[in-house]
Amino acid sequence: MIAGLTRIVRDVAVAEDLAQDALVAALEQWPESGIPDKPGAWLMATAKRRGIDALRRRVTLERKHELIGRELEILQQLDRPDLAERIDAVQDDILRLIFMTCHPVLSREARVALTLRLLGGLSTPEIARAFLVSEGTVAQRIVRAKRTLAEARVPFEVPNRDKLPERLSAVLEVIYLVFNEGYAATAGEHWIRPALCEDALRLGRILAAMMPREPEVQGLLALMELQASRLRARVGPHGEPVLLADQDRARWDHLLVQRGLAGLRRAEQLGGALGPYTLQAAIAACHAQARSVEQTDWPRIVALYDGLAALTGSPVVELNRAVAVTMAFGPEAGLELVDSLADEPALQGYHLLPSVRGDILARLGRIAEAREEFERGAELCDNDRERELLLARAVACRA
């Protein structure tokens, strides 16, 4: 809805307000009138009517000839009888919206936050946790980003090919963060949110088709397909998390595995230094091709993480590298790396730091310390299912 309305009114803030107004109207009316046969069409038609009313009021108040001409043009578009039926054909609109919200006029942080909010359906707290920043900071970024786009009159379009590279990095980051929120939800009662993974995969496939010779686009799509292949095995019959070592690999989607491996080959064949998404896809490929945790090529994964850490400088990557080092060279080596990250500002309050440390301590037989780390990780975790898993591991240590 937001994408379709933005195409018409050319203002993401106005489009979001109209969409929210329509949803409020549905919450008020549908309990009495019943859900209509075409809920999407009803919502778009309601938003359209509210948009017409708002634009007419603006025309009446401002009385500027140039503005009147523009508003009348928008009114004509809004009044098209077939518009409500286009709610199911918004793929192009969504692609235009994602490039609009990733326009260079916005800061990198603002681009990602706004796109996640409008296209990913993520709440402000979820975005804040994804970036390890405060909710207030994210809220300010979103408000300022909408205002900046409106003031700069950013066009609602996919940029020309010569302008694509400058916006591509932010677009890829947004898509991957949406996928990650679906793959391992930061909060709530579900550990995975498959709909978000599907949205990210769809956007990734659109980009890959549009930019077939861009290695990182192909690399990101390969990464998401390889990760998505494990979704069915990541939860048990009651929605409880199932860690990689305990997953039934027969439940992995082997069609997605093959698509991901083929995409990784395409990315590597395009040449040049491997980017962060292609490196992560290569790591995921090591897991996808192994029959068990023990048969996984952990030394190769460590080498890939070495390259990824050098490229990104991310402490989260360093934490993941410590896990791989533990599996390849023993828990003592892994613990040394984890302890070196204890004072990293970006990892303060990050539940996976004590969780990883607890796992390594348990491998070393330091059970009491491991229990404390699992309990601390549970306190920091906002996802109900993951918190239950950490508490269960703490209880097992106590036993």
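The values are calculated or read from the model by the stated rules, or taken from the named source; none is laboratory data. Computed from a prediction, not measured in an experiment: that's the story for all the values here. Here the Cβ is made from the backbone with ideal geometry for all residues, glycine too, and neighbour counts use every protein chain on show.
Here are some notes:
- Filter result for G377 (modelled with pLDDT of 95 or more, assigned to a loop (DSSP other than H, G, I, E, B) and out of contact with any Asp or Glu (no Cβ under 8 Å at 6 or more places or on another chain)): no
The rows are residues; the columns are (1) farther than 28 Å from R249 by Cα; (2) at pLDDT below 95.
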{"site": "I301", "(1), (2)": "no, no"}
{"site": "A310", "(1), (2)": "yes, no"}
{"site": "T326", "(1), (2)": "no, no"}
{"site": "E332", "(1), (2)": "yes, no"}
{"site": "D339", "(1), (2)": "yes, no"}
{"site": "P345", "(1), (2)": "yes, yes"}
{"site": "L389", "(1), (2)": "no, no"}
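- Pick from the stretch 200-214, criterion of a type in the set (D, E, K, R) and not in a helix (DSSP H, G or I), ranking: farthest from the chain's Cα centre (by Cα): R213
- Set E157, E173, E181: member being out of contact with any Leu (no Cβ under 7 Å at 6 or more places or on another chain), part of a helix (DSSP H, G or I) and either closer than 26 Å to D382 by Cα or of a type in the set (D, E) (or both): E173
- Number of positions in the stretch 215-250 that are out of contact with any Phe, Trp or Tyr (no Cβ under 7 Å at 6 or more places or on another chain), in a helix (DSSP H, G or I) and small (G, A, S): 4
- Total residues in the stretch 219-264, condition among the acidic types (D, E) and touching a Leu at 6+ places or on another chain (Cβ under 9 Å): 3
- Any pair with Cβ under 9 angstrom, 6 or more apart, that starts in the stretch 314-339 at a residue that is outside any helix (DSSP H, G or I) and ends at one that is modelled with pLDDT under 95: S314/A346
- The stretch 184-199 - residue that is assigned to a helix (DSSP H, G or I) and without any contact (Cβ under 8 Å) to a residue 60 or more places away in the chain and, of those, surrounded by the fewest Cβ atoms within 10 Å (Cβ to Cβ): A195
- Subset of the stretch 353-377 [among the hydrophobic types (A, V, I, L, M, F, W, C) and buried (at least 18 other Cβ atoms within 10 Å of the Cβ)]: L353, V356, I360, L361, A362, A370, F374
- Residue list for the stretch 251-273, filter: assigned to a helix (DSSP H, G or I) and of a type in the set (G, A, S): G260, A262, G263, A267
- Scope the stretch 142-154; condition buried (at least 17 other Cβ atoms within 10 Å of the Cβ), touching a residue at least 40 places away in the same chain (Cβ under 8 Å) and part of a helix (DSSP H, G or I); matching residues: A145, K146, L149
- Residues satisfying the stated conditions in the stretch 106-141, i.e. at pLDDT 90 or above, surrounded by fewer than 21 Cβ atoms within 10 Å (Cβ to Cβ) and among the hydrophobic types (A, V, I, L, M, F, W, C): A139
- Test: E166 is modelled with pLDDT of 80 or more and assigned to a helix (DSSP H, G or I): no
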